[in-house]
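Okay, so here's the structure we're looking at.
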Amino acid sequence: MAKRGSFGSRFGTVAAVGGSVIGLGNIWRFPYVAGENGGAAFILIYLATSFLISIPIMLSEFSIGRSTRRNPMRAFNKLAPGSKWKLVGYMGILTAFVILSFYCVIAGWAFEFLKESVFNQFNGRSADQIRDSFNGFVASGWKPVIWTFLFTVASAGIVLSGVEKGIERYTKILMPMLFVLLLGMAVNSLTLDGAQAGIEFLLKPDFSKITGTTVLQALGQSFFSMSLGMGAMITYGSYLRKNENMPRVGAMVAFSDITVAILSGLAIFPAVFSFGISPTSGPELVFLTLPNVFAQMTGGYIISVVFFFLLFVAAITSSISLLEVIVLYMTEELRLSRKRAIFYTASAITVTGSLCALSMMPGSKLSVAGMNLFDLCDQLSSNVLMPLGGLLIVLFTGWVFSPVKFRNEFTSNLQYGVKIFPLIRFLIKFVIPVVIAILFLNRIGLL
Ligand code: PFF
């Protein structure tokens, strides 16, 4: 990504931001978190939080980025010189690091499954055999570590050789392909024997299951999925063209993000029930379910190869945006060469990623307060660091950022922007901070 360059076209902008936003969060994380939190009711809350909370935060981040054209830490320092707000930028770097540590592990699983698909290893296996082979893979320890390492190297290689031309060019084709493939898989899943229970799980909300934790999980999922609360969207905002219609870009990206998540749910849950897999299987859910679908689907061999390849593409376009947040800081602020910054970051991620992978082995001692390191990084980023970052960003936008500057960013090239601006600002100033604060207080037992 060219420093202080800007995106060339509307489509290029949506593709680049979409590349960061659409990733493992939609296809791997959304189904498993929805499964653990009761399905339909969770999804309704997820939709509400996405529209009412996440989109305004995305627009806040874009505005901060575009009005300063700096990395997140500098951006805060420029808008509120000498204040502590720049700490929000540092927190974003920490969050990127925590996310990458487990993200590379799951992307590594996608690599392993791509290999298994290519060698046609799902064919003819029963659901139990698929589960045993997956458990054997995770328990081996060294296999996930090797894939984690390879994925980190691949991401680092792309960031090193320049993101803009290659990645943008390919994602414009590959992401729509992923979309069409998921649509096909969803249609196929809906026709499976016993799909009905899965459809009900997705569509019939059981509100009695909703607690403060569920709402925080939905909010965390939405933040994770839209890459919010950690400066990635401030960085991308700094590349937005001055005359770009920002709310429209935000709406298009959010809409694509939500649609891909819902399609994944539709592809997975009917199959979960059809093959007798528990919806609360956790991070393994998608990897236990999909091979069964592929094994019995017409054209399953080729579809599985294409799917895991596209999952890998979706993962890598997100992981490079995470790496970019750290690398941009190191090059702009610590004056390291890009090569060095990438080398240090990738080395550190290989170590923490391997520890996360090893912590998933049965009997592993790599855990804190009863949670293995992998789950800890996953939960800490989505349910603590990103909502906290989001809270600080809206407080900044609502109470510190000059309203005139914010309004100018928001309404550039958008006539009706003038009309919706007061509503968005009201949400940002009062509603969103109060909602996030209540959720936090509830979670830590103070409310
Ligand atoms: N939004 C990505 C996903 O759904 O997989 C994950 C992510 C990417 C989070 C980039 C944060 C970020 F800065």
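Highest mean first, the peptides 174-186, 144-156 sorted by other C-beta atoms within 10 Å per residue fall in the order 144-156, 174-186.
Net charge in the neighbourhood of Ile420 (other residues with Cβ under 12 Å of its Cβ; Lys, Arg +1, Asp, Glu -1) is +4.
Averaging 1/r across all pairs of distinct Cα atoms in the chain and inverting the result yields a Kirkwood radius of 22.0 Å. Bridgeable lysines around Lys84 (alpha carbons under 20 Å apart, same-chain partners fewer than 8 residues away excluded): Lys429.
The loop-placed trypsin sites (Lys or Arg not before Pro) in the range 300-366, going by DSSP, that have at most 13 neighbouring Cβ atoms within 10 Å of their Cβ come out as Arg335, Lys365. Label-to-label distance, Ser367 versus Tyr301, with points set 7 angstrom from Cα along the beta-carbon direction: 4.2 nm. In terms of the mean number of neighbouring beta-carbon atoms within 10 Å, the peptides 82-92, 392-402, 10-20 order highest first as 10-20, 392-402, 82-92.
Reported to the nearest whole Å, the Cα centre-to-centre distance from the range 335-363 to the range 206-280 is 26. Estimated from helical segments only, the mean residue ellipticity of the chain at 222 nm is -23500 deg cm²/dmol, where each DSSP H run of four or more residues counts as -39500 (n - 2.57). Can you give me the span-like helices of the chain, meaning DSSP H runs with 24 Å or more of Cα extent along the axis and Kyte-Doolittle mean at or above 0.5? Helices meeting the criterion: 86-118, 142-160, 164-190, 246-274, 300-333, 338-358. Cβ crowding within 10 Å ranks Lys419, Lys78 as Lys419, Lys78, fewest other Cβ atoms first.
No lab work stands behind these numbers, since they all come straight from the coordinates. Keep in mind that what you see is a predicted model, and the values were worked out from it rather than measured. Don't worry about glycine lacking a Cβ; one is built from the backbone with ideal geometry, like all the others, and counts go over all protein chains shown.
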